[in-house]
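Here is the structure we will look at, set down as structure tokens.
The values are calculated or read from the model by the stated rules, or taken from the named source; none is laboratory data. What you see is a predicted model; the values in this text were computed from it and never measured. Here the Cβ positions follow ideal geometry from the backbone for every residue, glycine too, while neighbour counts run over all protein chains shown. Side chains included, ligands, DNA and RNA excluded: accessible areas come from the protein's heavy atoms. Shrake-Rupley method; radii C 1.70, N 1.55, O 1.52, S 1.80 Å.
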Amino acid sequence: MSRTFLALPTLVRRERASLAATLLAPPIALIITVILNLGLYVVMGRDPAAVVYAMLIEPFVSWASFSEVLLKTGPLLLIAQGLAIGFRAKVFNIGAEGQFVLGAIFASAIPIWWPGATGQWIWPAMLLLGTIGGAFWASLTAFWRVRLNANEILVSLMLSFVAVQLLNYLLLGPWKDPNGFNFPQSVMFQYDAMVPILVEGTRVNVSLILALLLSIAAWVFMQKSFIGYKLQVGGLAPRAASYAGFRESRAIWLSLLIGGAAAGLAGAAEVAGPLGQLQRSISTGYGYAAIIVAYLGGLHPIGIIISAIVMAALYIGGDNAMVSANLPVAAVRVFQGSLLLAYLVAIAFTRYRLAWRPAAARSAT
């Protein structure tokens with residue numbers, strides 16, 4: 001018997017992650033995603049050039065299309081900034097979609113119960129009520145996580161499905177518009193229940209300003225406040241945080257409530273903005289897409305602003321591609337998912353490097 005050695009690759013952590021490599025990871029991930037999906041489009045028999053143009057170029061060629069990008073940037077940015085705070089604390093709220101829906105439901109209660117109400121107080125009250133609704137739905141996950149040690153990923157995700165079923169019950173039952181030709185939707189909201197338009201001639205509303213203000217608040221909270229510092233320490237070094245007296249339960253509650261409140265605010269702004277009523281189509285996947293936005297932005301408030309614009313453009317570009325290039329909606333979702341996967345691989349190689357270590361293998365002589 002003799003012994004031979006085979007070289008096997010292994011990941012070795014770098015002493016320090018390169019700032020340049022970290023900044024280049026998102027654009028590299030986007031390039032890799034485009035290349036991989038080009039092959040998919042060829043296999044599907046679609047014109048890859050037409051698809052890429054529709055998805056990545058067309059959203060920026062006119063003010064009309066770019067204004068729609070800005071419209072979708074608002075909810076994505078709101079939700080992603082809230083989620084990123086929890087993710088940095090290693091509290092993984094995957095149920096922002098359900099919190100988004102609950103925010104929309106809570107906000108819709110005012111114009112549905114009081115359709116004749118007037119006054120400029122209505123839309124701010126709707127946004128506040130939506131924020132409370134999202135935080136309430138997230139608090140259920142926090143309770144189960146802290147009291148029963150249930151996994152917050154599974155609990156928050158399952159609650160999203162419960163939220164959708166609650167929405168269906170309301171729109172098919174007590175909140176259904178009696179004059180809506182049997183469509184599962186609420187009555188149209190009155191004028192004072194609509195958030196103000198930010199740019200005339202477009203659908204862009206003040207929710208975009210709220211999202212930018214929340215981004216600034218998120219940066220100040222995580223970089224300048226002692227509470228934000230405790231959350232980051234709890235995520236990076238849980239044992240050190242516990243020795244320093246930082247309570248894990250408090251971090252869980254705070255992270256989930258912030259994420260839920262941000263998602264609920266986004267849901268309220270959606271029904272009080274472009275939709276103008278409560279519909280089943282309110283659940284469009286913003287809560288799940290915001291997870292990609294948060295990670296693609298490196299969980300940093302500034303990076304999240306950029307990644308939110310990119311993801312919003314992919315939403316609009318995906319709609320364009322489905323019309324002009326006959327691309328199925330599943331292919332658009334594959335593009336979004338592969339973008340996250342490519343980013344995770346790219347960012348992994350900024351923190352680790354490949355090393356080849358010998359592994360012994362026996363062979364007969």
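Observations, loosely collected:
- Positive-pole candidate from 75, 12, 331, dipole of the chain, charges at beta carbon: 12
- Normalised Debye scattering of the stretch 28-138 at q = 0.23 Å⁻¹ gives log10 I(q)/I(0) of -1.16, counting only Cα atoms as equal scatterers and leaving out solvent.
- Stretch gain in nm, segment residue 344-residue 22, where the contour uses 0.36 nm per residue and the Cα spacing is subtracted: 114.8 nm
- Here the Karplus curve 6.51 cos²θ - 1.76 cosθ + 1.60, taken at θ = phi - 60°, turns the phi angles of the stretch 54-62 into couplings of 5, 7, 10, 9, 4, x, 10, 7, 9 Hz, with x standing for Gly and Pro.
- Residue with peak Gaussian network fluctuation, the chain [Cα springs, cutoff 10 Å], from 351, 147, 203: 147
- For residue 352, distant residues with modelled amide H under 5 Å away: 14
- Matching label, Rg and Dmax of the Cα atoms in Å computed from the structure shown, candidates (i) 23.0, 92; (ii) 19.5, 63; (iii) 20.2, 70: (i)
- In order along the stretch 11-16, phi translates into HN-Hα couplings of 8, 10, 5, 6, 5, 8 Hz, rounded to whole numbers, per the Karplus curve 6.51 cos²θ - 1.76 cosθ + 1.60 with θ = phi - 60° and x for Gly and Pro.
- q = 0.20, 0.26 Å⁻¹: log10 I(q)/I(0) that the Debye formula gives for the stretch 277-350, counting C-alpha atoms only: -0.91, -1.21
- Per-selection Kirkwood Rh - the stretch 1-87 (Cα, Å, 1 d.p.): 17.7 Å
- Rounded FRET efficiency, nearest 0.05, which uses the C-beta distance separating residue 247 from residue 352 and R0 of 41 Å: 0.80
- Across the chain, the relative contact order, built from alpha-carbon pairs under 8 Å that are at least six residues apart, equals 39 percent.
- Of 335, 226, 246, the one that fluctuates the most in a GNM where the chain has Cα springs shorter than 10 Å: 226
- Dipole size of the chain about its Cα centre, with +1 on Lys/Arg Cβ and -1 on Asp/Glu Cβ: approximately 1880 debye, rounded to the nearest 20.
- Surface composition of the chain: carbon plus sulfur atoms contribute 68% of the solvent-accessible area (1.4 Å probe, protein chains only, all chains present).
- Ordering of 247-254, 316-323 by burial proxy (mean other Cβ atoms within 10 Å per residue, highest first): 316-323, 247-254
- Rounded to the nearest Hz, the phi-derived 3J(HN,Hα) couplings of the stretch 277-285 under the Karplus curve 6.51 cos²θ - 1.76 cosθ + 1.60 (θ = phi - 60°) are 6, 8, 10, 5, 6, 4, 7, 9, x, where x marks glycine and proline.
- For the stretch 83-128, convex hull volume per residue from C-alpha positions, Å³: 65 Å³
- Amide hydrogen neighbours beyond the local backbone of residue 185, cut-off 5 Å, H modeled: 177
- Helices meeting the span-like rule in the chain (full DSSP H runs, Cα extent of at least 24 Å along the helix axis, mean Kyte-Doolittle score of -1.0 or higher): 19-43, 63-88, 96-113, 122-148, 152-172, 207-224, 248-270, 301-324, 329-351.
- Gaussian network model of the chain, Cα within-10 Å springs - most flexible of 336, 165, 185: 165
- Heavy-atom surface of the chain, accessible at 1.4 Å and reported per residue (Å²): 50 Å²
- A DSSP coil position with no more than 12 other Cβ atoms inside 10 Å describes the following chymotrypsin sites (Phe, Trp or Tyr not before Pro) in the stretch 163-220: 181.
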